[in-house]
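One structure below.
The values are calculated or read from the model by the stated rules, or taken from the named source; none is laboratory data. Quick caveat, the model's predicted, so the values are computed rather than measured. Cβ sites come from the backbone with ideal geometry, for glycine too, and all protein chains shown count toward neighbours.
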Amino acid sequence: MRIGLHGRLSPASAAATINMIVARIAASGAVPVMERGLAQRMAAGGNPVAPDTELMDQAANARLDLLVSLGGDGSFLDSVDFIGRASVPMLGINLGRLGYLSNTRIEDVDATLKALVERRYSTEERALLTLRGCPGFGEHDTALNEVTIHKRDGAAMISVHARLDGRFLNTYWADGLIISTPTGSTAYSLSCGGPILAPQCDAMVITPIAPHNLNVRPLVVPGSSTVTLEVDARGEKYLVNLDSRSVVMDSFPPLDVRPADHTVKLVQLEGQDFLDTLRSKLSWGLDVRSGIEGSLR
């Protein structure tokens with residue numbers, strides 16, 4: 001088995017942990033294949049990887065069986081972009097904080113590697129969004145969590161004219177607008193009052209950010225929809241975000257958000273599912289006053 005390693009971490013404190021993971025992968029009988037940029041950052045910090053570790057520039061050409069993202073959810077989203085259309089299953093080992101997507105604890109790395117090598121896991125396909133009309137992203141035009149239009153810091157609110165499959169939907173006067181996937185419904189959209197969608201839902205969520213009109217609420221639309229956005233920004237510039245990547249726009253072309261023509265495969269270990277993640281990461285069933293878990297299961 002060939003296991004890829006990718007992450008955007010650079011602190012020296014993480015490098016020792018990453019080297020430990022590389023050694024554990026090799027000891028399990030699998031072949032560790034590290035993204036070259038990560039290896040270079042580790043070497044620059046005085047923690048080079050083992051000299052016999054294979055390096056890769058692209059996931060598509062590395063003959064990977066799966067890819068492990070090292071870090072938090074930001075690293076995980078970068079790893080999704082790194083995979084692109086390679087159709088390589090992904091798993092995240094959490095070296096960050098919350099770790100909603102990167103939900104494998106570093107304490108469980110040995111058991112996790114054993115399960116991976118023995119192929120005791122399943123995969124779950126997650127929908128991606130693609131953005132058309134914003135050339136700043138080039139070929140990196142897909143998002144696992146969300147596409148976001150946002151005003152720049154200190155600027156006045158923006159107006160976003162939205163059409164759904166060619167029909168006028170609404171003009172949002174707000175700090176911005178989020179178009180999220182079911183996976184992204186537990187991320188930025190949730191913090192702005194959007195609903196949680198199960199990953200299997202064929203839908204997307206349109207969620208305004210701090211809307212001027214308080215009667216405007218998040219809207220769930222079919223996952224096959226095309227949402228066209230046209231922006232009016234008094235500050236003449238605004239931000240377009242795909243997950244953790246951002247482009248500053250100073251023009252106002254129509255932007256089309258639609259389902260991508262490919263998906264990403266997430267590794268699901270035995271005994272791990274969406275409901276478990278909701279309870280553990282969002283503290284569902286936990287009495288925050290006493291720390292006692294609720295009795296309903």
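Could you grab me the full set of residues in region 45-64 that are among the charged types (D, E, K, R), farther than 15 Å from Phe82 by Cα and assigned to a loop (DSSP other than H, G, I, E, B)? The answer is Asp52, and nothing else. Within region 231-245, being of a type outside the set (Val, Ile, Thr), crowded, with 16+ Cβ neighbours inside 10 Å and farther than 20 Å from Gly138 by Cβ holds for one residue alone: Ala233. If we keep just the residues of region 128-150 that are charged (D, E, K, R) and more than 11 Å from the chain's Cα centre (by Cα), which is farthest from Thr181 (Cα to Cα)? Top of the filtered list is Glu139. Inspection of region 101-109 identifies at least one residue that is among the basic types (Lys, Arg), in a strand (DSSP E or B) and over 24 Å from Pro218 (Cα atoms).
A search for C-beta distances below 9 Å between a residue of region 70-84 that is more than 15 Å from Val267 (Cβ to Cβ) and any residue that is among the acidic types (Asp, Glu) and assigned to a helix (DSSP H, G or I), counting only pairs 6+ apart in sequence or on different chains, returns Gly71/Asp78. Looking across Asp256, Asp250, one residue alone is closer than 19 Å to Pro135 by Cβ and either of a type in the set (Ser, Thr, Tyr) or touching a residue at least 40 places away in the same chain (Cβ under 8 Å) (or both). It is Asp256. The number of residues in region 11-44 being surrounded by 15 or more Cβ atoms within 10 Å (Cβ to Cβ), outside any helix (DSSP H, G or I) and out of contact with any His (no Cβ under 7 Å at 6 or more places or on another chain) comes to 6.
Could you tell me which residue of region 85-100 is modelled with the lowest pLDDT, considering only residues that are in a loop (DSSP other than H, G, I, E, B) and in contact with a helix residue (DSSP H, G or I) (Cβ under 8 Å, 6 or more places away or on another chain)? Going through the qualifying residues, I end up with Leu98. Based on this model, can you work out whether Cys192 counts as of a type outside the set (Val, Ile, Thr) and in contact with a helix residue (DSSP H, G or I) (Cβ under 9 Å, 6 or more places away or on another chain)? No: the conditions fail for Cys192. Restricted to strands (runs of 3 or more DSSP E) entirely inside region 114-175, those with at least 1 residues that are surrounded by fewer than 18 Cβ atoms within 10 Å (Cβ to Cβ) are 121-126, 129-132, 158-164, 167-174.
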